[in-house]
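K.L.:
Below is one structure. I have some questions about it.
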Amino acid sequence: MAKQCTICKKTGLMARKLNKLRGKYNPSPKKRKYPNLQWVKVPIDVEKKAFRKFAGKRILACTK
């Protein structure tokens, strides 16, 4: 299963790790940052139109 939010399609991105000491001169390593995904059970009687196709299912959603 992909590390992706089912609702907003948010995925991981590449970020730079900050070197505190002599950071101007040292190349900083890259690190992949993932969204905070949680398993959520969507209720069957959901009101919002965007969530109706997920009604009664467990989905991975970001905590946005």
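The values are calculated or read from the model by the stated rules, or taken from the named source; none is laboratory data. Remember, predicted model here, so these are calculated numbers, not experimental data. All Cβ positions, even for glycine, are placed from backbone atoms using ideal geometry, and neighbour counts span all protein chains on display.
K.L.:
If I ask for residues that are of a type in the set (A, V, I, L, M), out of contact with any helix residue (DSSP H, G or I) (no Cβ under 7 Å at 6 or more places or on another chain) and at pLDDT below 90, which ones from region 23-64 would you list?
P.N.:
The answer is 50, and nothing else.
K.L.:
Determine whether residue 20 is at negative phi and either without any contact (Cβ under 8 Å) to a residue 12 or more places away in the chain or in contact with a helix residue (DSSP H, G or I) (Cβ under 8 Å, 6 or more places away or on another chain) (or both).
P.N.:
yes
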